[in-house]
Structures are given as C-alpha cells and as structure tokens.
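Participant: My structure is below; once you've seen it, I'll send some questions.
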Amino acid sequence: MVFSKNNADGELVFGVVGYYGKRVVITGGLGFIGSNLARSLVGLGARVTLADSLIPEYGGNLANIADLAQDVAVNVCDVRDPYAMKQLLRDTDFVFNLAGQTSHLDSMTDPQTDLAINTGAQISLLESCRQVAPECKIVFASTRQIYGKPKYLPVDEKHPIHPVDANGINKWAGESYHRLYAEVYGLNTTVLRLTNTYGPGMRVKDARQTFLGIWIRHALEGRPFLVFGDGNQLRDFNFVDDVVDALLRAGSQEKATGKIYNLGGEEVVSLNELANLLTEIVPESSFALQPFPQDRASIDIGDYYGSISAIKEELGWEPKVTLSVGLRKTVDYYREHHEHYWETFE
Ligand SMILES: NC(=O)c1ccc[n+]([C@@H]2O[C@H](COP(=O)([O-])OP(=O)(O)OC[C@H]3O[C@@H](n4cnc5c(N)ncnc54)[C@H](O)[C@@H]3O)[C@@H](O)[C@H]2O)c1
C-alpha cells in the first residue's frame with residue numbers, strides 16, 4: 001500500500017507501508033543502495049539486519065550507516081557461506097538481495113569470483129530461504145548489463161539477453177535462479193533490473209562501480225575528469241531514493257511476485273551533457289575526452305536507455321528526482337563526507 005506525507009522540507013512524498021515490525025535482511029546492506037534502503041526501512045519501522053562481507057575492494061562502507069548504527073543490526077558475513085545464510089535468513093519476512101560483485105572489469109580479470117558471488121551464492125541464498133523462510137519475500141537487484149548492446153531503444157524486458165561481460169552473464173544466471181525458485185518452489189521473488197544508479201554512498205574511490213563516481217571525486221578534487229569515447233553515448237540514470245522506492249514497492253506489492261521489471265530514468269542524456277551538468281554544479285571542475293582504453297572498449301554497450309512502462313503500470317513506480325537535483329545532492333554529500341570515501345586528495 002502506498003502512502004503520502006509531507007517531509008521536513010514541506011514536500012509531498014510517497015512511501016510504502018507493510019514493513020512495520022517486520023524482520024528484514026538486506027544482503028550487501030553496507031553498500032551504496034543497501035544502506036539507503038536500510039534508512040527508509042528503519043523509518044518505516046522495520047527490524048533491519050544488514051549482511052555484508054566488507055571485502056575492502058567492494059562497495060561496503062560503515063560510513064554509509066553512520067546515522068543508523070543504533071537502529072540496525074550488522075552481520076559481517078559472506079553470502080558465499082551457505083551455513084551463514086541459513087542462520088541469517090531463519091524467520092525472515094523480507095530479503096533485499098543486493099550483495100554483489102559489481103565491477104565489470106574485475107569480472108573479466110577474475111570471472112570465478114564474480115561467478116561465485118553473483119551466481120553460486122544466489123543459489124545458497126534461495127536454498128536457505130526455501131528451507132528456513134519459505135514465506136519470505138525476496139527482491140533481487142539485477143542489472144541492465146544483461147541485455148548487452150541494445151538492438152533497439154528503449155530496451156524493454158522482452159529485449160534479447162546478450163551480456164558482453166562475465167558480470168552480465170553471472171547476474172543473469174543469478175536472476176534466473178530467482179525466477180526458477182518462484183516457478184518451481186513458489187518462493188515470492190521479484191527481480192529489478194537496475195540502470196546506472198547514483199547518490200550519496202555510491203563508490204567514488206575508483207571507477208569500479210560506475211564512471212560517475214570517479215567523475216564526482218575528480219571534480220571535487222579540482223582535477224579534470226575523463227569521458228571515454230566521443231561523449232555522445234546515451235544513458236539513463238536513477239537517483240538512489242527512486243531505486244529505494246522501487247525496491248520497497250517490489251517487496252510489498254503482491255502482484256510483483258514472480259515478475260521481472262526494468263528500472264530506468266526518464267531523462268536520457270549523453271555523457272557530454274552529463275559532464276557539462278557536473279561542471280555547472282562543481283564550477284572548479286573540467287573534463288576531457290579520451291579514447292576508450294582497450295579493456296573498456298571491448299565491453300562497452302554503446303547507447304542504452306530502458307523502458308519502464310511495465311513497473312509504471314503494475315507497481316505505480318516512476319522516478320521523481322531529476323538529474324540536476326540528484327547530482328547536486330550527491331555532490332553536496334561528498335563535499336561534506338569525502339574523508340570517509342577516499343583517503344587522500346591526490
Ligand atoms: N549501482 C548501480 O548502478 C547498479 C546498477 C545495476 C545493478 N546494481 C546491483 O545492485 C546491487 C547493489 O549495488 P550497489 O551499487 O549498492 O553496490 P555496492 O558495491 O555499494 O554494494 C554491494 C555490497 O555487497 C557487498 N558484498 C559483495 N560481495 C559480498 C559477499 N560475498 N558477501 C556479502 N556481501 C558482499 C559489498 O561489500 C557491498 O557492500 C548489486 O547487486 C549490483 O549488481 C547496481
């Protein structure tokens with residue numbers, strides 16, 4: 001059920017009820033999206049446990065929950081450990097399954113680790129749910145990367161699947177297991193295929209998670225940031241609050257069960273337009289075009305933007321935060337908190 005209320009700034013905001021008093025596990029909960037989701041769930045009165053391995057190269061960061069430390073339980077564990085999963089998931093009402101190896105480049109240099117986390121561990125999680133929490137609702141964060149180079153735009157859920165990197169293959173297998181367990185065992189799973197997501201808590205230390213993270217860092221450091229290619233590639237983006245709204249809707253609406261939905265942004269921009277917007281927001285910044293490095297060129301997907309008609313019609317979700325507003329909020333956050341996200345100004 002959806003409710004509306006006025007927030008601290010007097011704006012009308014919409015949210016989702018149904019989580020009050022419920023036991024919710026977020027795998028990857030110390031990461032970017034997981035920690036933002038945790039904040040909303042705490043606000044909705046859920047009992048929240050964050051499960052995260054805190055592997056240093058990945059996106060988990062305790063600074064992401066600095067304001068929530070008293071309100072959530074943290075379980076440092078690895079989703080690849082089936083015993084830990086069984087223990088973690090017993091009697092859980094909701095699982096937001098966000099733990100993942102997110103770097104496309106790393107997935108090509110170390111495909112086995114990507115496979116173990118993005119596919120193998122997903123089977124452990126689903127098996128554990130089947131055995132110790134068969135009624136729980138599971139929402140899985142998949143990715144638009146599984147589509148590969150678009151054959152048409154906007155890309156809808158019926159678009160052929162043709163991943164261009166190991167991460168895309170393994171995430172696809174991970175989401176397929178969620179579908180399979182819904183069809184064969186009746187588990188309550190929903191898959192969201194996320195597009196580029198940005199906001200406070202995103203990884204800005206390096207370009208592992210997204211190029212936009214390192215752009216923001218370099219912009220704030222007063223260094224030129226690099227745009228690969230001619231900058232004309234089209235993309236869509238979601239501010240993290242909108243993604244959290246989609247996750248909450250997917251978790252609480254029965255008609256989402258067994259379904260797969262794209263997320264996506266309604267503003268489609270070229271990387272040049274995005275880079276110009278960032279230089280407006282951070283006036284001391286500048287950018288330069290640079291040819292694609294070979295390792296990136298081979299897995300680049302060209303233009304991409306998704307169709308969000310299905311989730312709009314069925315769950316009433318649509319993004320509300322414009323790029324301009326979202327990017328400003330993100331930059332403001334890192335101006336204030338950068339010392340928790342990168343160690344030194346180089
Ligand atoms: N951010 C995006 O633009 C985007 C786009 C598409 C899909 N996604 C998906 O959304 C999910 C969340 O992404 P994010 O942007 O918050 O990334 P993130 O890296 O900030 O969060 C992922 C979290 O998973 C944790 N993790 C990784 N391996 C683990 C393991 N073996 N055991 C336990 N925890 C582990 C990491 O420590 C990290 O905290 C991921 O599954 C990702 O594939 C994100």
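No value in this document is a laboratory result; all are computed from the given coordinates. These figures come from a predicted structure and were not determined experimentally. Using ideal geometry, Cβ is built from the backbone for each residue, glycine included, and neighbour counts are taken over all protein chains shown.
Participant: Give me the compactness ratio for the chain, meaning the Cα radius of gyration over 2.2 N^0.38 Å.
Facilitator: Ratio of Cα Rg to 2.2 N^0.38 Å: 0.94.
Participant: To continue, here is another question. Hey, what angle do you get for helix 211-221 against the long axis of the chain, alpha-carbon based, 0 to 90 degrees rounded to 10?
Facilitator: For 211-221 against the chain, the angle is about 50 degrees.
Participant: If you project the alpha carbons of segment 149-202 onto the principal axes, what extent comes out on each, in Å, largest first?
Facilitator: Here the spans come out as 33, 33, 22 Å, largest first.
Participant: Turning to a different aspect of this structure: Rounding to the nearest 20 debye, state how big the charge dipole of segment 259-346 is about its Cα centre with +1 on each Lys and Arg Cβ and -1 on each Asp and Glu Cβ.
Facilitator: Dipole size: approximately 240 debye.
Participant: Which net charge results for the neighbourhood of Gly120, defined as the other residues with beta-carbon distances under 12 angstrom from its beta-carbon, given Lys and Arg at +1 and Asp and Glu at -1?
Facilitator: Taking every other residue near Gly120 into account, the sum is -3.
Participant: I've got another one for you. Can you compute the helix-only [θ] at 222 nm over the chain? Use -39500 (n - 2.57) per DSSP H run of at least 4 residues, normalise by all residues, nearest 500 deg cm²/dmol.
Facilitator: -10500 deg cm²/dmol
Participant: Can you tell me, using C-alpha contacts under 8 Å and at least 6 residues apart, the relative contact order of the chain as a whole percent?
Facilitator: Rounded, it is 17 percent for the chain.
Participant: If a/c stays under 1.5 just call it rounded; otherwise compare a/b with b/c (prolate if a/b is bigger, oblate if not). Do that for segment 113-200, with a ≥ b ≥ c from the square roots of the Cα gyration tensor eigenvalues.
Facilitator: Note, shape of segment 113-200 comes out prolate.
Participant: Collect residues whose amide H, placed 1.01 Å from N in the peptide plane, falls under 5 Å from the amide H of Thr143; neighbours closer than 5 in sequence don't count.
Facilitator: Leu194
Participant: Please state the charge dipole magnitude for the chain, taken about the Cα centre, from unit charges on C-beta atoms (+1 on K and R, -1 on D and E), reported in debye and rounded to the nearest 20.
Facilitator: The calculation lands at about 820 debye.
Participant: Between Ala69 and Val132, what length in nm is gained on full extension when 0.36 nm per residue of separation is reduced by their alpha carbon distance?
Facilitator: 20.0 nm
Participant: Using only Cα atoms and rounding to the nearest 10 degrees, what angle (0 to 90) does helix 166-185 make with the longest principal axis of the chain?
Facilitator: 20
Participant: What ranking, highest mean first, results for peptides 64-76, 86-98 when packing means the other Cβ atoms within 10 Å averaged over each residue?
Facilitator: Going from most to least packed, we get 86-98, 64-76.
Participant: List the residues of segment 225-247 whose backbone N lies under 12 Å from a point placed 7 Å from the Cα of Phe292 along the Cα-to-Cβ direction.
Facilitator: Under cut-off, by backbone N: 228-234.
Participant: OK, next. Just to be sure I understand: of the beta bridges DSSP finds with both ends in the chain, what percent are antiparallel, rounded to 5?
Facilitator: Just about 20 percent of them are antiparallel.
Participant: Quick check: the angle from helix 323-337's long axis to the longest principal axis of the chain, C-alpha only, nearest 10 degrees?
Facilitator: It works out to around 90 degrees.
Participant: Counting other beta carbons within 10 Å of each residue's own, what order do Met108, Met202 fall into, fewest first?
Facilitator: Starting with the residue having the fewest Cβ neighbours, the order is Met108, Met202.
Participant: Which one of Gly258, Val240, Pro200 is farthest out on the positive end of the charge dipole of segment 163-282, using unit charges on Cβ (Lys, Arg +1; Asp, Glu -1) and the Cα centre as origin?
Facilitator: Looking along the dipole axis, the top candidate is Gly258.
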